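The values are calculated or read from the model by the stated rules, or taken from the named source; none is laboratory data. Bear in mind the structure is a predicted one, so any value in this text is a computation, not a measurement. Reconstructed Cβ throughout: ideal geometry from the backbone, glycine too, with neighbour counts over all protein chains shown. We work out accessible area using only protein heavy atoms, side chains counted, and drop any ligands, DNA or RNA first. Shrake-Rupley method; radii C 1.70, N 1.55, O 1.52, S 1.80 Å.
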Amino acid sequence: MAGCGSNCGSGCCKDFSSKAQRLPNLLSVEVTNDIFTKAVRNMTLRAAQRDAGMMSEDEYEAAKSKLVRWLVNAFSGENPHYETDLEWHTHGGLTDYLAETFNFHGHAPRQVLTHAASLFADDADNLAVEIIHRGGPDTPQARQAVNQLGGMWAQVFTGVPPEFA
């Protein structure tokens, strides 16, 4: 390999690794954790607004439904702001895993995703109400509960078995 020494000028020793900017990957537990944790935080803020009369029950439920639709679109590979895995997000890996996890067999993939996203939204709603009635979102206990719930659902949507948590 002539010319491959430390002073190579022939160009044969270039770094061909990808330096391209990549989108956040929904197979990453960290990325998915950020999504679910932020969703719980936002649900808690909306619950506080509802409690204070700044948001109606209909507006609150509409926001919850919008969250479910957003999650379904993102985790089915339809959100261009996120990188997805073809096998996991598009070809049934995630929906098969969710159907097994939640014993929700015999449904179309989109129905399975909607069911799982709705379960998350219900969990987030329940926690948000509890947080508002126990002192608000700025307590250490509230922050810990939000992070725990977000982390648990991130593991579900990335397929991390509970024993590895």
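Please list the non-local residues whose amide H lies under 5 Å from the amide H of Asn25, H modeled 1.01 Å from N, same-chain partners needing a gap of 5 or more.
Placed amide hydrogens put Glu83 under 5 Å from Asn25.
If you count only protein heavy atoms and use a 1.4 Å probe, how large is the accessible surface of Trp70, to the nearest 10 Å²?
90
Considering all projection directions equally, how large on average is the shadow of the alpha-carbon convex hull of the chain, in square nanometres? Display every interim value, and only then the final one.
Details: hull surface 59.7 nm².
Taking a quarter of the hull surface, the average projection is 14.9 nm².
If you stretched the chain out fully between Gln141 and Asp34, how much longer would it get, using 0.36 nm times the residue separation minus the C-alpha to C-alpha distance?
Numbers: separation 107, 0.36 × 107 = 38.52 nm, distance 1.83 nm.
Taking 0.36 nm per residue and subtracting the Cα distance, the gain is 36.7 nm.
With every protein chain in place, what's the accessible area of Tyr97 (1.4 Å probe, Å², nearest 10)?
Answer for Tyr97: close to 60 Å² accessible.
Need the full-extension length gain, Ser118 to Asp51, defined as separation in residues times 0.36 nm minus the C-alpha distance. One decimal, nm.
21.9 nm
Give me the accessible area per residue for the chain, probe 1.4 Å, as a whole number in Å².
Per-residue value: 61 Å².
Using 10 Å bins from zero, what percent of all Cα-Cα pairs in the stretch 107-165 falls into each bin?
Percent of pairs per bin, in order: 21, 42, 28, 8, 0.
Quick check: pseudo-label points 7 Å beyond the Cα along Cα→Cβ at Glu163 and Glu61, how many nm apart are they?
4.2
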